[in-house]
1. Give me the number: length gained by fully extending His183 to Asn24, i.e. 0.36 nm times residue separation minus the C-alpha to C-alpha distance, one decimal in nm.
2. Take each of the peptides 184-197, 1-14, 115-128, average the number of other beta-carbon atoms within 10 Å over its residues, and list them starting from the highest.
3. If you bin every alpha carbon distance in the range 1-60 into 5 Å steps from zero, what whole percent lands in each bin?
4. Just the Cα atoms of the range 85-178, one point each, no solvent: what log10 I(q)/I(0) does Debye give at q = 0.11, 0.12, 0.13, 0.15 Å⁻¹?
5. Bins of 10 Å, beginning at zero and ending with the bin holding the largest distance: percent of Cα pairs per bin for the chain, please.
6. Figure the gain on full extension for Lys146 and Lys73 (residue separation times 0.36 nm, minus the Cα-Cα span) and round it to one decimal in nm.
7. What does the net charge come to around Ala208 if you take all other residues with beta carbon closer than 14 Å to its beta carbon, with K and R at +1 and D and E at -1?
8. Under a Cβ-Cβ cut-off of 10 Å, what is the net charge of the residues other than Ala188 that fall near it, where Lys and Arg count +1 and Asp and Glu count -1?
Amino acid sequence: MKYIAPSILSADFGHLSDDIEMLNRSEAELIHCDVMDGVFVPNLSFGFPVMEAIRPIAKKPLDVHLMITHPEKYVERFCDAGAWSVGFHLEAVDDPLPILDRIKAKGVRTCLTINPDIAPARLVPYLDKVDMVLLMSVFAGFGGQKFIPETLDKVRFIRSEITKRALPTWIEVDGGVNQDNAHLLFEAGADVLVAGSSVFHTPCPEQAIIDLKK
């Protein structure tokens, strides 16, 4: 599959409803929501009030990426706020399994995420326990960073492990995704690409989404 999940972290928050309506019209399959707490990452973004505000007008599923400490305190609230999927960082927890079970109990898709300095092999024990893994191709916390090319090898590695086990697990990639590397990521085995600046900071975001799929 070739799914695009534009990140509203790069949207115009002064006209957020307009950008959500644009994504509704677009060929994007998901809407990516980056939640930052200023502790796990050195930045702040948004939380439940924004999620609850956009859920009624968003026609695409909300793909929530928690860049926070103690995600176990909040995953159920994000599920209740309208998340279609909830992902959190493996390096932020001691044991992800109880948290994944709590997300599943809400009927929400599960995702486990790692930063670029975490070996992808650490995800392997959980590939049969999550709906999706998210490989960060920049360090979590800021938009507009440059794509790390070594991510392609990580995608290939995870794809081979998924194929070996005949699992339905998706691979998502987030960070520095643009028209120069999107096709390489899809060819390597990615299913979902998160794109922020390369969608919202263009003259025609809807066309940019189409171009990312080509």
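We did not get these values from a lab; they are worked out from the coordinates using the rules stated. Because the structure is a prediction, the values reported are computed rather than measured. Counting neighbours? That spans all protein chains shown, and the Cβs are built from the backbone with ideal geometry, glycine included.
1. 54.9 nm
2. Answer by packing, highest mean first, reads 184-197, 1-14, 115-128.
3. For the range 1-60, the pair-distance distribution reads 4, 17, 28, 25, 14, 9, 3, 0.
4. -0.30, -0.35, -0.42, -0.55
5. Spelled out per bin, shortest first, that is 9, 38, 40, 14, 0.
6. Taking Lys146 through Lys73 to full extension adds about 23.1 nm, to one decimal.
7. Its environment carries a net charge of -2.
8. Combined, the nearby Lys, Arg, Asp and Glu give +1.
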